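Undergrad: Questions regarding the structure given below will be posed in turn.
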Amino acid sequence: MEIEQVELTTTTAAVVRERVRMDELAAFYDRAYGQVAAALGAAGVEPQGPAIGWYAQMPAADVDVAAGFAVPSDAAVDGVELLTMSGGPAAIGTYQGPYDGLGDAWSILVAWCAERGLQGRGDFWEEYVTDPDPDGDPSQNVTRLVLPLL
């Protein structure tokens, strides 16, 4: 996995945000992305990048999670929340593979940071660079893991 340290700019995302049990996460994502896409379409707002899955903290049995798309900071979109993802230093890993490998990829990124004396600030997110194709090869999925740093 390729890892780099970068300086993030503050990003605004139109999202659906909920506390979700981990065994309901996939269903939440399916529902949330559809809801956000419909709200953006109704508002005439174009997404400014790939789908995002934002987490307030590391998951346990349940998690405070948001799913949606980056939008201009002045976007007006009814029916969804606008989430501000603060800029600053971050470690970013680019993972290629099936989604069930994301946990291991996060462990690699966190270990890379620890080796350098870097610590996450708490929140983190995934950017789903490739749209998952039900008929496609999951090994070709590309996900950016974004860990904002203190």
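The values are calculated or read from the model by the stated rules, or taken from the named source; none is laboratory data. In this text the structure is predicted, and so the values were computed from the model without any measurement. So basically every Cβ, Gly included, is an ideal-geometry build from the backbone, and we count neighbours across all protein chains shown.
Undergrad: Looking at (1) part of a strand (DSSP E or B); (2) more than 13 Å from the chain's Cα centre (by Cα), can you tell me which one residue 113 breaks?
TA: (1)
Undergrad: To continue, here is another question. Take the conditions surrounded by fewer than 15 Cβ atoms within 10 Å (Cβ to Cβ) and more than 22 Å from residue 145 (Cβ to Cβ) and apply them to residue 79. Does it pass?
TA: Considered against the rule, which asks whether it is surrounded by fewer than 15 Cβ atoms within 10 Å (Cβ to Cβ) and more than 22 Å from residue 145 (Cβ to Cβ), residue 79 comes out as yes.
Undergrad: Can you list residue pairs whose Cβ atoms sit under 6 Å apart, with the first residue in the stretch 27-52 being over 15 Å from residue 71 (Cβ atoms) and the second being modelled with pLDDT of 95 or more and not in a helix (DSSP H, G or I)? Count only pairs 6 or more apart in sequence or on different chains.
TA: Here the result reads 28/20; 29/67, each pair linking the stretch 27-52 to a residue that is modelled with pLDDT of 95 or more and not in a helix (DSSP H, G or I).
Undergrad: Regarding the stretch 45-57, can at least one residue be identified that is surrounded by fewer than 17 Cβ atoms within 10 Å (Cβ to Cβ), at positive phi and not acidic (Asp, Glu)?
TA: yes
Undergrad: Any residue at all in the stretch 90-100 that's farther than 18 Å from residue 50 by Cβ, of a type in the set (A, V, I, L, M, F, W, C), within 15 Å of the chain's Cα centre (by Cα) and part of a strand (DSSP E or B)?
TA: yes
Undergrad: Give the stretch 35-70 a look and list any residue that's closer than 16 Å to residue 126 by Cα and of a type in the set (Gly, Ala, Ser), or say none.
TA: 49, 51, 53, 56, 66, 67, 68, 70
Undergrad: Here's another thing I want to ask about it. Out of the residues in the stretch 50-72 that are modelled with pLDDT under 95 and of a type in the set (Gly, Ala, Ser), which is nearest to residue 145 (Cα to Cα)?
TA: Of everything passing the filter in the stretch 50-72, 60 is nearest to residue 145 (Cα to Cα).
Undergrad: I would also like to ask the following. Just checking, does the stretch 120-134 include any residue being touching a Pro at 6+ places or on another chain (Cβ under 6 Å), at pLDDT 95 or above, closer than 21 Å to residue 11 by Cβ and not in a loop (DSSP other than H, G, I, E, B)?
TA: Yes, the stretch 120-134 has at least one match.
Undergrad: Taking the stretch 57-100 as the region of interest, how many residues are of a type outside the set (D, E, K, R), under 19 Å from residue 140 (Cα atoms) and touching a Pro at 6+ places or on another chain (Cβ under 9 Å)?
TA: Qualifying residue count for the region: 3.
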